[in-house]
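**Student:** Got a structure for you, written out below as structure tokens; questions coming shortly.
The values are calculated or read from the model by the stated rules, or taken from the named source; none is laboratory data. If you're wondering where the values come from, they're calculated on a predicted model, not measured in any experiment. Cβ coordinates were reconstructed from backbone atoms using ideal geometry, including for glycine residues, and neighbour counts include every protein chain displayed. What goes into the accessible areas is simple: the full protein's heavy atoms, side chains included, and nothing from ligands, DNA or RNA. Shrake-Rupley method; radii C 1.70, N 1.55, O 1.52, S 1.80 Å.
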Amino acid sequence: MGSFTEADIKTKYILPAIKQAGWDLQTQVREEVSFTHGRIIVRGKMAARGVSKRADYILYYKPNIPLAIIEAKDDSHELGDGMQQALEYAEILDIPFVFTSNGTGFRFHDKSGTSEQVERDLPLDCMPGPQELWKRYKKLRNIETPTAEAVVTQDYYSDGSGKSPRYYQLNAINRVMEAVAKGQDRILLVMATGTGKTYTAFQIIWRLWKSKTKKRILFLADRNILIDQTRQNDFKPFGPAMTKIAKRQVDKSYEIYLTLYQAVTGTEETQNIYKQFSPDFFDLIIIDECHRSSAAEDSAWHEILKYFSSATHIGLTATPKETTDVSNIHYFGEPVYTYSLKQGIEDGFLAPYKVIRIDIDRDVIGFRPEKGQADKYGNLIEDRIYNQKDFNRTLVIEERDWLVAQKITAYLKATNRFDKTIVFCEDIDHAERMRHALANLNSDLVLKNHRYVMKITGDDQQGKAELDNFIDPESVHPVIATTSKLLTTGVDAKTCKLIVLDQRIQSMTEFKQIIGRGTRIDEEHGKLYFTIMDFKKATELFADPDFDGEPVQIYQPTGDDDIVPPDNESNIDPGEGTVLKPDISFDPNAEPGQKRVKYYINNVEVNIVSERVQYYDKDGKLVTESLKDYTKKMVQKQFRTLDEFLRKWSESAKKEAIIKELEEQGLLLNALREEVKNGDQYSTFDLICHIVYGQPPLTRKERAANVRKRNYFTKYSEKARKVLDALLDKYADEDVSSIESAKVLSLKPINEMGTPVEIINDFFGGKDKYEAALKELEDELFKKANGA
């Protein structure tokens, strides 16, 4: 067949075979499909994206209903090379049919169980067409009836922009559609905060509504802001068919209803206005944030769901709740699809985060009042030892508030005082005290705008009125929001860069919801990761097996250490990161129906005991290296010694392939260049040899000059020598990838010497000889790691 690149194979063999099999190239075939964004890797103050996962081809029965994936290789590979990678991608994308090809045919892997063999080889002209694979798909998913097929194949909503749901949203939507088509009437969908649950719900409702499978739909939430955001944004295409139930007024002329459960229920029967609808009025109910209380037997939500029991119920949550009292899974069944926080971070759709873990001495050793001691208001303090779970709930130490506020202020002053910050407090009283302390510590900015720091709690109308401004990326103020519960769920604060935990977290569900306030990415406003400042050991929950999204760094300073995590934490023993699951029992001091007693004291010495930073790697293991240490360890996993690296570099026909492979493993080239003095002047080769193997680097210009000194060009014709000299200049300016590019011969000044065909055939005597000359040029460039 000759020497063909992967691009040649795709153009000459794979695409014609796809077309011959009956696939429509316009509507059923997508090429070079990047389906992740590339994990954001954080080291010190550096953050950069890794390489996204990309499929060569995805084949669809209809838009957004994927059936098959094809992995292409050049003809130097075997037919089945790439199958393992393609199977991994297929599992992520929920695709049952997998093909690999090197141009000689196809290797076909059938995950549907409808073939005699799982894998078999096919000639190019025997590729299955869309109808054959769709028939197998229907059998696999048990959707073979015409009614079920009509539901599953209903079109997605499109606004005409060409925007397509992300892969995990497609998986979720299609799984729900298939579950409904098969008659399942209790469905649970688990998607991490910030991954677009509401948009996913919109597409589900749209397709069920348009297919007339479901005609009247109720969308239930528990916060007004959730309803308003949903109505104005994702659900807007429903237009006049949609209404929000408000002021306890019911109008039965609509098809899509949005409401707070509080708006349709009450303590008195007359307040239960949902009963103005007949029990069979709705045939679909979507319960947003269903972890909060929908599955509890005694909740108002449950009464609504019980009343409309004939409808299909779909629960949406980032954190399904499983306790002795509440069980989402008991009510809805196992999730039809789960997209976790960990996977969202891995895919680059969610922001990773660092943790600054701060221990205060009084939290560790406790406080015991002197005999007969009264608080500042004259209340006799109960004689017992007060510890971390008591502070700000039963006992308030004013100096502790001040110390926490000082640490927050110091961090913002050292980074950016206008980074959006949420401070989670024990209760509304605590939120007000923190607002007061932060206002005094940041008086210069508060005097310019009193909204620099605001308490945003359920009881504060002024604060709640500023919530939209806080979450608006274009609005500078408020910068710091102190809160207790209001911001724990459903609030889309994309630019939040600092989350402060001075609240005792009582459940994994609540912990995940709080972490979710910072996981959204906003690259336009410089938000690639965020920081958690933990005063209550809440982040010890990272050690809990139920937690699924580890931090990239945990920092625990001591004494007067800088509050900002250092770039290099090599002095920290990773073993110190081993933590125990904390006691998360409920406050024993508050009896049911009894108002909690709280004492306020001052003139108590309070100090920082320790602070700490560590990284977590992609496997969730504690690491403590700088960017350079991280690079060294990562590269040496593949090339243990300098000789191994040099051998691979020398043998590789395309140096760019090695660079690309290392980037896919997490090599942060741009960040590394910024870290190394004059790093932008070195080639990737020299950066790796210098950082990983300790070799003295040469600049690209120095390497190019050394080649010219050796005068090895003399064996080539004058015209060929000019081309090679121009390629040397390209290398000196841009690095090796530029001279290996197929487009380099079409760029100035080389294109002024002749066309690419003329240069290859007339100057060098053919493609093989040109490639040999290019390989020799690279060998001369990289003769020795030390540049000698």
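**Student:** List pairs: first in the stretch 392-411 and within 9 Å of Ala437 (Cβ to Cβ), second open to solvent by 20 Å² or more (accessible area, probe 1.4 Å) and of a type in the set (D, E, K, R), Cβ under 6 Å, 6+ apart or cross-chain?
**Tutor:** Short answer, once both residue conditions are applied: Asp401/Arg433.
**Student:** Just to verify a result, which residue in the stretch 655-689, among those that are exposed (fewer than 15 other Cβ atoms within 10 Å of the Cβ) and under 23 Å from Thr5 (Cα atoms), is modelled with the lowest pLDDT?
**Tutor:** The extreme case among them is Glu664.
**Student:** Further question on the same structure: Criterion first (open to solvent by less than 50 Å² (accessible area, probe 1.4 Å), more than 16 Å from His525 (Cβ to Cβ) and at pLDDT 90 or above) does Ile480 satisfy it?
**Tutor:** Yes, satisfied.
**Student:** Looking at (1) open to solvent by less than 20 Å² (accessible area, probe 1.4 Å); (2) closer than 24 Å to Gly315 by Cα, which one does Pro128 not meet, given that it meets all the others?
**Tutor:** Of (1) open to solvent by less than 20 Å² (accessible area, probe 1.4 Å); (2) closer than 24 Å to Gly315 by Cα, only one is false for Pro128: (2).
**Student:** Further question: Do any helices (runs of 4 or more DSSP H) entirely within the stretch 410-465 hold 3 or more residues that are surrounded by 14 or more Cβ atoms within 10 Å (Cβ to Cβ) and over 29 Å from the mean Cα position of the chain (by Cα), and if so, which?
**Tutor:** Values: elements: 428-441, 443-448, 461-465.
It comes to 428-441.
**Student:** Now, a different point. Scan the stretch 662-683 and report the pairs whose first residue is of a type outside the set (Phe, Trp, Tyr) and whose second residue is part of a loop (DSSP other than H, G, I, E, B), with Cβ atoms within less than 6 Å and a gap of 6+ or a chain change.
**Tutor:** Qualifying pairs under 6 Å: Glu663/Val51; Glu664/Val51; Gly666/Gly50; Ser683/Asp735.
**Student:** For the stretch 16-100, please list each of the strands (runs of 3 or more DSSP E) lying entirely inside it that holds at least 2 residues being surrounded by 15 or more Cβ atoms within 10 Å (Cβ to Cβ) and touching a residue at least 60 places away in the same chain (Cβ under 8 Å).
**Tutor:** 40-43, 46-49, 54-62, 65-72
**Student:** Among the residues of the stretch 704-725, write down those that are open to solvent by 10 Å² or more (accessible area, probe 1.4 Å) and either farther than 12 Å from Leu777 by Cα or touching a residue at least 24 places away in the same chain (Cβ under 8 Å) (or both).
**Tutor:** The answer is Ala705, Asn706, Lys709, Arg710, Tyr712, Thr714, Lys715, Tyr716, Ser717, Glu718, Lys719, Lys722.
**Student:** Give the residues of the stretch 386-437 that are under 22 Å from Lys485 (Cα atoms), polar (S, T, N, Q) and out of contact with any helix residue (DSSP H, G or I) (no Cβ under 8 Å at 6 or more places or on another chain), sorted by residue number.
**Tutor:** Thr394
**Student:** Here's something else I'd like to know. Of Arg596, Arg612, which residue is at pLDDT below 80 and assigned to a loop (DSSP other than H, G, I, E, B)?
**Tutor:** Checking each option against the conditions leaves just Arg596.
**Student:** Another question, then. Quick check on my filter: what residues within the stretch 385-400 are of a type outside the set (Ser, Thr, Tyr) and either more than 26 Å from Asp534 (Cα to Cα) or open to solvent by less than 10 Å² (accessible area, probe 1.4 Å) (or both)?
**Tutor:** The answer is Asp390, Phe391, Asn392, Leu395, Val396, Ile397, Arg400.
**Student:** A further question on this structure: Can you tell me which residues in the stretch 440-477 are β-branched (Val, Ile, Thr) and at pLDDT below 90?
**Tutor:** Ile456, Thr457, Ile471, Val476
**Student:** Quick one: Ala732 ticks every box in (1) within 30 Å of Phe639 (Cα to Cα); (2) open to solvent by 80 Å² or more (accessible area, probe 1.4 Å) except a single one, so which number is it?
**Tutor:** It fails just one condition, (2).
**Student:** Residues that are under 20 Å from Met533 (Cα atoms) and touching a Leu at 6+ places or on another chain (Cβ under 6 Å): does the stretch 454-467 have at least one?
**Tutor:** Checked against the condition, which is being under 20 Å from Met533 (Cα atoms) and touching a Leu at 6+ places or on another chain (Cβ under 6 Å), the stretch 454-467 yields at least one hit.
**Student:** Please work out if Ser737 is touching a helix residue (DSSP H, G or I) at 6+ places or on another chain (Cβ under 9 Å), under 30 Å from Ala47 (Cβ atoms) and open to solvent by 10 Å² or more (accessible area, probe 1.4 Å).
**Tutor:** Details: touching a helix residue (DSSP H, G or I) at 6+ places or on another chain (Cβ under 9 Å): yes; under 30 Å from Ala47 (Cβ atoms): yes; open to solvent by 10 Å² or more (accessible area, probe 1.4 Å): yes.
Judged against the criteria, Ser737 is a match.
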